[in-house]
Amino acid sequence: MNIMSVRLQDPAAFIRENTAVETASLVPEIPLHLATDITPIWQASEAFLEAHGIEPPFWAFAWPGSQLIARYILDNPQRVEGKRVLDVACGCGLAAIAAVKAGASTAAANDIDPMALEATALNATLNAVTVALCPGDLVGSKPDCDLLVIGDVCYNEAMAARIMPWLLECARHCEVWLCDPGRHYAPKLDLDILIQQNVQTTQELESTDQRTTTLFSLRGISVQD
């Protein structure tokens, strides 16, 4: 179906019509509604999306950070079992879904884009799990969770400068994991590394076939550091 024919008043229909059920290369256990090279949303230009009031569809891709978070959670379920997990800037909700599958007591997904939350809800249903949806900008708040996970957010200087102080503050109250695929604005702090590996990407998104992606723990790092 042509992207123009989809009624944006029905976001779930928009997502279903413009994605395919696929799996991310690093997490084949979790099917997701993703853009592919044959779906309209991949082919739609940024100008077209903007003209029709559609935010860039970050929710339609399994980004390297979310893939590695999910992989680590599934391979180390003891790290999340019985915990309340919050997936911030959730995108397609991959990390939150993995947390539920690994035995988290609850998992919540947060994003400022309502379409991301709609995609997360569809993906949770696809995987027969329950993920609570948490809309809005949480930066500056004190999240009520045991583990906060976040990936792929240090993509520009302004975002990194805004998000890192908050994450460091959050780390005083809960466990915080930050996953970054080697972006220039990633924190230059001495953080604990939970796992690091190459994650397959697409040149359309990353201008490379893979990125060396690192999952950091912020526990024990103070704001002054």
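The values are calculated or read from the model by the stated rules, or taken from the named source; none is laboratory data. From a predicted model like this one, the values you see are computed outputs, not experimental measurements. Ideal geometry is used to build each Cβ from the backbone, glycine not excepted, and the neighbour counts take in all protein chains shown. These accessible areas exclude ligands, DNA and RNA; they are computed on the full protein's heavy atoms, side chains included. Shrake-Rupley method; radii C 1.70, N 1.55, O 1.52, S 1.80 Å.
Of these, ASP146, ASP137, ASP152, which one is under 17 Å from CYS92 (Cβ atoms), charged (D, E, K, R) and in contact (Cβ under 8 Å) with a residue 24 or more places away in the chain?
ASP152
Looking only at the stretch 153-192, which residues are open to solvent by 90 Å² or more (accessible area, probe 1.4 Å) and in contact with a Phe, Trp or Tyr (Cβ under 6 Å, 6 or more places away or on another chain)?
Across the stretch 153-192, the qualifying residue is only GLU157.
Restricting attention to the stretch 19-39, and to residues there that are assigned to a loop (DSSP other than H, G, I, E, B) and in contact with a strand residue (DSSP E or B) (Cβ under 9 Å, 6 or more places away or on another chain), which single residue is modelled with the lowest pLDDT?
Within the stretch 19-39, the match that is modelled with the lowest pLDDT is ILE38.
Table: residues versus (1) of a type outside the set (A, V, I, L, M, F, W, C); (2) modelled with pLDDT under 90; (3) assigned to a strand (DSSP E or B).
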{"residue": "PRO143", "(1), (2), (3)": "yes, no, no"}
{"residue": "MET159", "(1), (2), (3)": "no, yes, no"}
{"residue": "ARG172", "(1), (2), (3)": "yes, no, no"}
{"residue": "CYS179", "(1), (2), (3)": "no, no, yes"}
{"residue": "PRO187", "(1), (2), (3)": "yes, yes, no"}
{"residue": "LEU194", "(1), (2), (3)": "no, no, yes"}
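Scan the stretch 93-128 residue by residue and report those that are in a loop (DSSP other than H, G, I, E, B) and either within 20 Å of ILE163 (Cβ to Cβ) or open to solvent by less than 40 Å² (accessible area, probe 1.4 Å) (or both).
Residues satisfying the conditions are GLY93, ALA102, GLY103, ALA104, ILE112, ASP113, ASN127.
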